[in-house]
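None of the figures in this text is laboratory data; all of them are computed from the coordinates on show. Worth saying up front: this structure is predicted, and the values here are computed from it rather than measured. Methodologically, a virtual Cβ is constructed for each residue, glycine included, from the backbone with ideal geometry; neighbour enumeration extends over all protein chains shown.
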Amino acid sequence: MSFDKFGKMSYVSETKVADFVKYLEEGKIMATRCIRCGKLYFPPRADCPDDLSVDMTWQELSGRCKLLTYTTAHFAPVGFKDDLPYTLALAQCEEGVKVFALFSKDLNENEIHIGMDLRLTPLPLPNGRITYELKKV
Ligand SMILES: [Zn+2]
């Protein structure tokens, strides 16, 4: 199990945060928290860009968040053209971390409003990969 399986396309293989995928498969959305300064990171980071600490700990997110802003894309980079149009959202999780993720396809564009309650949930993909998305509560 490794980070290779995350998302539609492979970007990075970060062995230190490889458990992120395992947690997603267990239905858990995990962030990492810097032990030194307490900053929370999602997606999880193996080290803290703020104080360069490598002492990070896993923290499960409740998934409860509120919509801050969103945009619907009608153009896409290679590998994402089949998904058009898709809606990208920035949401504020109750733990304080901001999450950038795709909206669930079952969400109607006319239902979307700033401040609405959302849930960040794991999303298994047909090709055996896994990612996460924002769903209406
Ligand atoms: Zn830190």
Query raised in the report: For Phe75, which of the numbered conditions (1) more than 8 Å from the ligand (Cβ to nearest atom); (2) under 18 Å from the mean Cα position of the chain (by Cα) fails to hold?
Result: (2)
Query raised in the report: In the set Pro85, Pro44, which member is touching a helix residue (DSSP H, G or I) at 6+ places or on another chain (Cβ under 7 Å) and under 19 Å from Tyr132 (Cα atoms)?
Result: Pro44
